[in-house]
Amino acid sequence: MSPRQITVLGECVADAFARPASAPHELDLHVLPGGGPANTAVALARLGTPSRFLARLSGDVFGRLFRDHLEASGVDLSHAVVASEPSTLAVAELDAQGQAAYSFHAQGTADWQWSSAELAGVDLSSTACLHTGSLALVREPGAAAVEEFLATASSQATISIDPNVRPLLVRPEIYRAKLRHWCDLADILRLSEEDLRLLLPETPLEQACDIWHAAGARLVVVTRGADGALVSLGGERMHVPAVTTRVVDTVGAGDSFTAGLLHHLGARGLLGGRLTGLRLGEVAESCLFAAHVAALTCSVAGPNPPWQSQLPQYTSQIIV
């Protein structure tokens, strides 16, 4: 069975990594295409899922870089908007564990200017799953148009949301105010343990899952770095271990996990509806595959997810 198309909606960000320059009192910036939704779209395409990215891509030097990167990975940009606004820039500093801290330059940039008219003509008839999240769901003026699009799409496709909380750009209380509505729209909620601490401070993991299930999300997956992931399907729960790897950095690891999860579910024909027939063991198997995809992303610099050819031991299981 060939996987059906997955459509991803959201931002593409220039991730600039600061490095010491050869001259004193200077820095070199090494720029890579990034942004959570863009990373997810790239990872899906590289794994073999038909991946379409709904983005607003600037015509500036970063926007051209994004377009080249996405197309080289096999992402369908036929519905990407050519935007007049500049690209979003995120300057990253890595700590000793490879975790990135970001400062954003995002005022008035292309990613947040969605209009209902730009999304009205998008055909979802071939889409099994619509994935979104991160800043596109909270940054105005476009957030309302994105939520409206999700509400319409939920009658045609499985909805997947990754909040990917960025407190330096948007206050956590804004995410908290919107999260119940997102869960009402979403079939899949994938978030990190760090997101959980910002969204529901001092709330036990299992209790948080139950809160999100009650709000409407059928499947909740909380990734916990080296501690693996907690899978909660309508209240049935299972722990999935992480995959050991030599970590260069963790940039894009969560996005690769999401892509691995959606790819594996989609390749088995499990996306396209409300997930009512999905079984916990099927999700756990998909999350274990996703953990391998994330581990390979951590083993290289920047948001550079693996290609399907780098996962030969899984190929026969994914494509049937």
### Query
What is the one condition in (1) out of contact with any Asp or Glu (no Cβ under 9 Å at 6 or more places or on another chain); (2) open to solvent by less than 10 Å² (accessible area, probe 1.4 Å); (3) assigned to a helix (DSSP H, G or I) that Thr297 does not satisfy?
(1)
### Residue check for Val122: within 22 Å of Ala83 (Cβ to Cβ), open to solvent by 10 Å² or more (accessible area, probe 1.4 Å) and at pLDDT 95 or above
yes
#### Entry: Tally, over region 94-117, of residues that are open to solvent by 30 Å² or more (accessible area, probe 1.4 Å), within 16 Å of Cys298 (Cα to Cα) and not hydrophobic (A, V, I, L, M, F, W, C)
3
### Query
What pairs can you find where one residue is in region 289-312 and farther than 19 Å from Gly228 by Cβ and of a type in the set (A, V, I, L, M, F, W, C), the other is at pLDDT 90 or above and assigned to a helix (DSSP H, G or I), and their Cβ atoms are less than 6 Å apart, with a gap of 6+ or different chains?
Trp307/Arg46
## Note on the structure
Scanning region 226-255 for residues that are surrounded by 21 or more Cβ atoms within 10 Å (Cβ to Cβ) and among the hydrophobic types (A, V, I, L, M, F, W, C) gives Ala229, Leu230, Val231, Leu233, Val240, Val251, Ala253
### Query
Can you name the residue in region 221-271 that is over 19 Å from the mean Cα position of the chain (by Cα) and among the hydroxyl-bearing types (Ser, Thr, Tyr) and is also nearest to Leu296 (Cα to Cα) among such residues?
Thr245
### Summary
Taking region 1-50 and keeping only residues that are assigned to a strand (DSSP E or B), within 22 Å of Ala90 (Cβ to Cβ) and open to solvent by less than 20 Å² (accessible area, probe 1.4 Å), one is left with Val8, Leu9, Val13, Ala14, Asp15, Ala16, Phe17, Pro33, Gly34
### Task
Could you run through region 256-284 and say how many residues are among the hydroxyl-bearing types (Ser, Thr, Tyr), surrounded by 15 or more Cβ atoms within 10 Å (Cβ to Cβ) and either more than 29 Å from Asp95 (Cβ to Cβ) or out of contact with any Pro (no Cβ under 9 Å at 6 or more places or on another chain) (or both)?
1
### Query
Would you call Thr223 open to solvent by less than 40 Å² (accessible area, probe 1.4 Å) and over 19 Å from Phe289 (Cβ atoms)?
no
#### Entry: Among the candidates Val91, Val165, Val146, residue that is of a type outside the set (Lys, Arg) and in a strand (DSSP E or B)
Val91
#### Entry: Selected residue (only one of Arg246, Arg237, Arg224 is of a type in the set (D, E, K, R) and either more than 30 Å from Ala18 (Cβ to Cβ) or in contact with a Lys or Arg (Cβ under 7 Å, 6 or more places away or on another chain) (or both))
Arg237
### Query
Name the residues in region 185-202 that are surrounded by fewer than 14 Cβ atoms within 10 Å (Cβ to Cβ) and either touching a helix residue (DSSP H, G or I) at 6+ places or on another chain (Cβ under 9 Å) or in contact (Cβ under 8 Å) with a residue 40 or more places away in the chain (or both), would you?
Pro201
### Task
Being under 17 Å from Asp255 (Cβ atoms) and either open to solvent by 10 Å² or more (accessible area, probe 1.4 Å) or touching a His at 6+ places or on another chain (Cβ under 8 Å) (or both) is the filter here, so list the residues in region 304-316 that pass it.
Asn304, Trp307, Gln308, Gln310, Leu311
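The values are calculated or read from the model by the stated rules, or taken from the named source; none is laboratory data. It should be emphasised that the depicted structure is a prediction, and the values quoted were computed from it without experimental measurement. Cβ: placed from backbone, ideal geometry, glycine included. Neighbour counts: every protein chain shown. Ligands, DNA and RNA are excluded from the accessible area calculation, which covers all protein heavy atoms including side chains. Shrake-Rupley method; radii C 1.70, N 1.55, O 1.52, S 1.80 Å.
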